[in-house]
Ligand code: 3PG
């Protein structure tokens with residue numbers, strides 16, 4: 001992927017696609033600014049090198065122009081983090097935007113309005129991509145969280161604007177989620193959780209090719225237990241994935257991967273935060289009870305396995321961690337990864353719920369890498385090529 005540091009930036013108009021899709025509350029306050037903070041190094045580099053930054057993002061999934069999906073609430077935080085006043089445009093293409101671009105000083109930042117206010121964005125219409133491209137001299141894609149979408153501002157624009165290079169965040173995500181996972185310091189452990197096997201098949205299959213140890217947790221384990229002939233009470237089971245679970249276990253064995261399933265579970269009499277709960281061996285889940293977390297013996301066994309590793313990737317919680325009572329297993333894993341990170345183990349948190357867990361425990365800062373992508377990091381871990389990245393490969397990675 002093209003190198004941003006190699007580009008001659010002074011006085012150049014740079015179209016930066018970032019993923020500033022942050023959660024907002026009902027009063028339009030940002031409730032988690034991680035993605036804004038993650039976009040800052042690239043923008044700062046551009047500012048410091050005298051570029052004129054045209055910043056673009058989507059927010060949410062608006063159908064047409066929808067005020068509650070405006071990027072306006074992001075301006076104060078962006079300005080604060082960059083140390084300059086960011087100018088906001090009311091559109092992302094058109095004469096008004098062109099005027100604002102023309103008035104941009106070197107080192108200035110213009111934030112365009114939500115690019116998804118145009119349906120042409122998601123349809124990846126060339127005419128729209130061309131209009132976006134016409135604003136600038138150079139394209140920097142730093143929107144890792146949206147790199148799995150072939151949209152006008154992520155993929156289409158590269159056809160009209162060259163060079164098209166990766167920003168620092170996109171590059172870092174690739175370094176960890178592709179680089180560190182493909183050529184890991186060994187032993188390499190993957191921890192995969194989440195409620196359904198069906199949503200993690202691709203990730204498990206791909207990681208089975210690369211890891212030495214695979215730890216499974218979350219709701220998906222009950223499909224594996226049932227496939228092994230255990231009673232699972234009223235736990236979540238995907239009946240149509242029993243054969244698949246059996247074949248994944250066999251595949252791990254054939255590949256010499258040490259696959260560990262939890263040996264004990266925390267069970268509940270209903271799916272609720274105030275459910276009655278108890279800890280039982282995985283082989284002794286009574287009828288009418290459901291497993292909602294991994295138990296303390298499993299945590300101990302998992303921790304011992306993790307102690308032997310040099311690289312760990314984690315995707316998906318160990319239990320229903322939104323309910324305090326069933327968050328213990330997930331939090332224990334987060335703490336273990338933090339401890340090992342401090343000892344030099346490479347720890348990679350691959351998007352979505354596991355990121356939320358690490359943040360909840362307050363150990364996000366000590367991890368080697370926390371992905372800013374949900375769907376994008378899953379697809380990368382499945383070994384898929386991301387359209388927003390592939391488009392950059394085809395572009396010329398040199399100075400304008
Ligand atoms: C995300 O939140 O995962 C990205 O911003 C992509 O958003 P999308 O799923 O609406 O395309």
Answer from 295, 288 - the residue that is surrounded by fewer than 20 Cβ atoms within 10 Å (Cβ to Cβ) and at pLDDT 95 or above: 288
Just checking, which of 42, 66 is in contact with a helix residue (DSSP H, G or I) (Cβ under 8 Å, 6 or more places away or on another chain) and within 16 Å of the ligand (Cβ to nearest atom)? 66
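This table checks each residue for (1) under 23 Å from residue 336 (Cβ atoms); (2) in contact with a helix residue (DSSP H, G or I) (Cβ under 7 Å, 6 or more places away or on another chain); (3) outside the structural domain of residue 374 (by TED's automatic domain parsing); (4) without any contact (Cβ under 8 Å) to a residue 60 or more places away in the chain.
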{"position": "206", "(1), (2), (3), (4)": "no, yes, no, no"}
{"position": "221", "(1), (2), (3), (4)": "yes, no, no, no"}
{"position": "226", "(1), (2), (3), (4)": "no, yes, no, yes"}
{"position": "236", "(1), (2), (3), (4)": "no, yes, no, yes"}
{"position": "253", "(1), (2), (3), (4)": "no, no, no, yes"}
Among the residues of region 372-386, is any in contact with a strand residue (DSSP E or B) (Cβ under 6 Å, 6 or more places away or on another chain) and either within 15 Å of the ligand (Cβ to nearest atom) or free of Cβ contacts under 8 Å to residues at least 40 places away in the same chain (or both)? no
Would you say residue 19 is within 16 Å of the ligand (Cβ to nearest atom), in a loop (DSSP other than H, G, I, E, B) and closer than 24 Å to residue 134 by Cα? yes
Going by what's in this entry, would residue 77 be described as at pLDDT 95 or above, touching a strand residue (DSSP E or B) at 6+ places or on another chain (Cβ under 9 Å) and under 24 Å from residue 389 (Cβ atoms)? no
Kindly provide the set of residues from region 304-338 that are at pLDDT 95 or above, within 21 Å of residue 267 (Cα to Cα) and surrounded by fewer than 24 Cβ atoms within 10 Å (Cβ to Cβ), ordered by number. 323, 324, 325, 327, 328, 331, 332
So residue 71, is it crowded, with 17+ Cβ neighbours inside 10 Å and more than 27 Å from residue 387 (Cα to Cα): no
Anything in region 145-176 that is in contact with a strand residue (DSSP E or B) (Cβ under 9 Å, 6 or more places away or on another chain), within 14 Å of the ligand (Cβ to nearest atom), assigned to a helix (DSSP H, G or I) and under 30 Å from residue 219 (Cα atoms)? List them, or say none. 146, 173
Is it true that some residue in region 131-140 is without any contact (Cβ under 8 Å) to a residue 60 or more places away in the chain, surrounded by fewer than 19 Cβ atoms within 10 Å (Cβ to Cβ) and within 16 Å of the ligand (Cβ to nearest atom)? no
Residues (at pLDDT below 95 and assigned to a loop (DSSP other than H, G, I, E, B)) located in region 185-208: 194, 195, 196, 197, 198, 199, 200
Does residue 33 fit the bill of being modelled with pLDDT under 95 and over 27 Å from residue 385 (Cβ atoms)? yes
Test: residue in region 5-14 that is within 16 Å of the ligand (Cβ to nearest atom), in contact with a strand residue (DSSP E or B) (Cβ under 9 Å, 6 or more places away or on another chain) and at pLDDT below 95: no
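The values are calculated or read from the model by the stated rules, or taken from the named source; none is laboratory data. Everything quoted here is computed from the prediction, not taken from an experiment. Virtual Cβ from ideal backbone geometry, glycine too; neighbours counted across all protein chains shown.
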